[in-house]
2 protein chains.
Amino acid sequence: MPVEHYTSVAKARPRLRELWGTGRSIGSVHTLGALHVAHGEVIKRAAGENDHTIVTVYPNKIQLFPGSVYQYDLEEDVAFAEHCGADIVISSDDTEMYPPDYATYVDQGDRAHRLNSSVFDYASRGQVTGAIRWISLCRPTASYFGMKDIEQSLLVQRAVKDLLIDCDIRHVPCVRYRDTGVPVSSRLRFLPLERLTEVGAVYHALETGRRLICDGETNATVIVDAVREQLEAALTTFQILYVTVADAETFAPVDRAELPFILHVAITDGTITHFDGLCLRTEQELAESPEVIWIP
Amino acid sequence: MPVEHYTSVAKARPRLRELWGTGRSIGSVHTLGALHVAHGEVIKRAAGENDHTIVTVYPNKIQLFPGSVYQYDLEEDVAFAEHCGADIVISSDDTEMYPPDYATYVDQGDRAHRLNSSVFDYASRGQVTGAIRWISLCRPTASYFGMKDIEQSLLVQRAVKDLLIDCDIRHVPCVRYRDTGVPVSSRLRFLPLERLTEVGAVYHALETGRRLICDGETNATVIVDAVREQLEAALTTFQILYVTVADAETFAPVDRAELPFILHVAITDGTITHFDGLCLRTEQELAESPEVIWIP
């Protein structure tokens with residue numbers, strides 16, 4: 001069966017109602033478009049675990065830098081989603097998604113202004129609102145989020161639970177290049193190889209921090225300083241925005257690294273801002289590092 | 001079939017999944033408990049238009065005055081809901097609905113701080129969040145809201161549309177006592193008859209305002225003054241909090257009464273605050289007053 005592509009929410013609704021009636025399981029993956037291998041891993045996981053897999057493609061206006069143009073090729077994205085196992089793609093545009101009288105946002109208080117969102121204040125509320133809208137539309141049995149974006153994955157899980165939505169949020173490991181440790185990210189797609197190596201220093205510094213904690217260090221200041229020192233030595237064109245040890249629920253900085261917690265870093269070259277982090281929830285994740293999908 | 005009563009969200013979930021699979025229509029009515037004849041009209045309407053009717057009973061902590069105790073008798077409410085045609089009742093409590101890590105709210109910006117919510121600042125966000133949670137849980141085909149609370153009915157409709165939730169929000173006319181014009185309200189249930197007559201003055205003053213507009217007056221200041229003057233003459237134990245002509249979408253005060261708009265009044269005696277209003281969306285509603293369900 002070729003993939004079904006619905007080019008608006010309105011056109012998708014009748015098909016969704018039909019799907020719900022079948023009682024078959026639905027997996028969903030919600031994207032901004034410009035799909036790459038990391039999206040592919042998320043889509044494959046959804047397709048492997050469900051009868052139907054819906055991929056949504058829409059560069060969500062309220063989570064992107066205001067006025068920026070997000071480059072993507074819808075036809076390529078549809079073909080790629082199909083290749084990874086999706087059977088339904090839904091796309092939309094600003095006109096349908098944000099009519100002039102649009103007014104509703106999913107708010108999660110302070111936690112939505114920390115980590116990534118301490119840099120891009122609008123990002124987190126927009127991401128979570130966007131994800132909840134697609135989940136409300138599609139009513140998936142399970143919805144899949146990559147752990148590249150720890151903040152979004154945890155906040156959406158929180159929102160789905162709080163709003164009593166009957167959907168399992170499943171986290172897919174971060175996809176990283178084996179050579180550099182850099183996570184696959186649309187934001188980095190135009191970066192030349194030598195600068196990717198520099199970005200990879202973030203992951204290695206995070207790993208240094210994790211090993212320090214494994215060895216018994218729990219003082220957040222000591223851990224942050226060690227990560228920061230290694231990172232400062234490695235960065236040439238990027239600068240550190242923050243290094244933090246944060247609570248895994250509220251994202252507030254903590255004094256002591258005690259499970260579960262997040263070790264998180266942001267760097268910027270003034271144009272590109274790169275976030276990376278380790279979400280350490282269990283003894284195993286602390287000992288072995290969170291699971292990674294390595295690619296060449 | 002006797003009514004099925006699920007005493008928690010967790011207990012209701014398996015039954016809800018079963019219902020969704022049948023493809024039958026579901027109507028829902030979401031209440032704080034202490035059901036009365038006005039809830040009854042809403043439930044009857046839902047039962048008349050759907051295969052299944054779910055009534056939820058939970059005095060939503062985040063929309064009630066902080067620390068206040070909301071008096072209701074769950075067993076009476078279940079029996080009453082059944083009597084009005086409900087086949088499923090779901091109840092819950094603060095422990096299940098607001099665990100310590102609860103963090104998610106449906107935010108609608110400025111409009112959620114106007115009308116009723118200009119008096120009780122927390123009310124509207126809490127009401128809308130509460131309603132969206134129950135709608136997310138139950139996935140009704142249609143959910144029914146009484147026009148006694150214009151603000152909630154319109155904000156929930158806005159939220160459901162914005163969040164792409166596949167649910168029809170249906171507004172049920174306000175239920176009023178024929179003698180006094182007073183809307184049936186849990187908040188007024190302990191008020192003696194002579195004071196109910198005083199409260200009824202609000203409806204009569206609103207009607208004076210509407211007739212003035214029918215006769216060609218569009219200046220909001222003139223309309224507000226006329227309503228206020230009539231009201232001041234009639235009130236003895238209550239005081240006016242506000243009289244406003246507001247936009248029907250944003251609830252912001254307007255200079256000119258042009259369809260659609262809301263004529264809205266709040267009064268208080270220091271203990272009980274009473275809101276009443278006319279939501280005038282069409283020429284017919286302006287000419288004949290919004291539909292009312294009159295009871296003896």
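The values are calculated or read from the model by the stated rules, or taken from the named source; none is laboratory data. Because the structure is predicted, anything quoted here is derived from the model rather than measured. Cβ coordinates were reconstructed from backbone atoms using ideal geometry, including for glycine residues, and neighbour counts include every protein chain displayed.
Descriptive notes on the structure:
- Candidates B:95, B:104 - the one that is among the hydroxyl-bearing types (Ser, Thr, Tyr) and without any contact (Cβ under 8 Å) to a residue 12 or more places away in the chain: B:95
- Any chance residue A:146 is touching a strand residue (DSSP E or B) at 6+ places or on another chain (Cβ under 9 Å) and modelled with pLDDT under 95: no
- Just one of the listed residues (A:35, A:16) is crowded, with 16+ Cβ neighbours inside 10 Å and within 14 Å of chain B (Cβ to nearest Cβ), and it is A:16.
- Some residue of the range B:192-201 being outside any helix (DSSP H, G or I), within 23 Å of the chain's Cα centre (by Cα) and at pLDDT below 95: yes
- Annotation: residue A:139 fulfils all but one of (1) without any contact (Cβ under 8 Å) to a residue 60 or more places away in the chain; (2) within 14 Å of another protein chain (Cβ to nearest Cβ); the unmet one is (1).
- From A:115, A:154, residue being more than 9 Å from chain B (Cβ to nearest Cβ), farther than 21 Å from residue B:165 by Cβ and at pLDDT below 95: A:115
- When B:68, B:28 are checked against the criterion of being of a type in the set (Ser, Thr, Tyr), within 24 Å of the chain's Cα centre (by Cα) and surrounded by fewer than 19 Cβ atoms within 10 Å (Cβ to Cβ), a single residue qualifies: B:68.
- Tally, over the range B:227-245, of residues that are part of a loop (DSSP other than H, G, I, E, B) and either within 23 Å of the chain's Cα centre (by Cα) or aromatic (Phe, Trp, Tyr) (or both): 1
- The residues on offer are A:218, A:244, A:237, and the sole one that is of a type in the set (Ser, Thr, Tyr) and closer than 19 Å to residue A:116 by Cβ is A:244.
- Test: residue B:154 is surrounded by 22 or more Cβ atoms within 10 Å (Cβ to Cβ) and touching a Cys at 6+ places or on another chain (Cβ under 9 Å): yes
- Out of B:257, B:266, B:246, one residue alone is in contact with a Lys or Arg (Cβ under 8 Å, 6 or more places away or on another chain) and within 22 Å of residue B:154 (Cβ to Cβ). It is B:246.
- Lone unmet requirement of (1) out of contact with any Gly (no Cβ under 6 Å at 6 or more places or on another chain); (2) of a type outside the set (Val, Ile, Thr); (3) not in a helix (DSSP H, G or I) for residue B:130: (3)
- Single residue of the range A:85-98 satisfying the filter (part of a loop (DSSP other than H, G, I, E, B) and surrounded by fewer than 21 Cβ atoms within 10 Å (Cβ to Cβ)) that is farthest from the other protein chains (Cβ to nearest Cβ): A:85
- Whichever residue in the range B:39-55 is of a type in the set (A, V, I, L, M, F, W, C) and outside any helix (DSSP H, G or I) and, among such residues, is farthest from residue B:141 (Cα to Cα): B:55
- Unique match (being within 13 Å of chain B (Cβ to nearest Cβ) and within 19 Å of residue A:5 (Cα to Cα)) among A:60, A:50: A:60
- Cross-chain or 6+ apart pairs with Cβ under 6 Å, the range A:237-255 first and within 14 Å of chain B (Cβ to nearest Cβ), then at pLDDT 95 or above and surrounded by 15 or more Cβ atoms within 10 Å (Cβ to Cβ): A:247/A:254; A:248/A:261; A:248/A:262
- Of all the criteria given as (1) assigned by TED's automatic domain parsing to the domain that holds residue B:32; (2) closer than 16 Å to residue B:43 by Cα; (3) of a type outside the set (Phe, Trp, Tyr), the one not satisfied by residue B:158 is (2).
- Scanning the range B:118-129 for residues that are crowded, with 22+ Cβ neighbours inside 10 Å and closer than 19 Å to residue B:264 by Cα yields B:123, B:124, B:127.
- Residue A:45 meets all of the listed conditions (1) within 21 Å of residue A:127 (Cβ to Cβ); (2) charged (D, E, K, R); (3) within 14 Å of chain B (Cβ to nearest Cβ) but one, namely (3).
- Set A:175, A:224: member being under 19 Å from the mean Cα position of the chain (by Cα), away from chain B (no Cβ under 14 Å) and more than 30 Å from residue B:14 (Cβ to Cβ): A:175
- Qualifying position, being of a type in the set (Phe, Trp, Tyr) and closer than 26 Å to residue B:139 by Cβ, among A:58, A:70: A:58
- Taking the conditions (1) surrounded by 16 or more Cβ atoms within 10 Å (Cβ to Cβ); (2) on the phi < 0 side of the Ramachandran plot in turn, residue A:222 satisfies each one other than (1).
- Which listed residue, of B:121, B:77, B:101, B:110, is under 22 Å from residue B:147 (Cα atoms) and in a loop (DSSP other than H, G, I, E, B): B:121
- Number of residues in the range A:107-136 that are free of Cβ contacts under 8 Å to residues at least 60 places away in the same chain and touching a strand residue (DSSP E or B) at 6+ places or on another chain (Cβ under 6 Å): the value is 3.
- Test: residue in the range B:180-198 that is away from every other protein chain (no Cβ under 14 Å), buried (at least 18 other Cβ atoms within 10 Å of the Cβ) and closer than 29 Å to residue A:13 by Cα: no
- Enumeration of residues in the range A:45-58 that are surrounded by 18 or more Cβ atoms within 10 Å (Cβ to Cβ) and either over 16 Å from the mean Cα position of the chain (by Cα) or at pLDDT below 95 (or both): A:47, A:50, A:52, A:53, A:54
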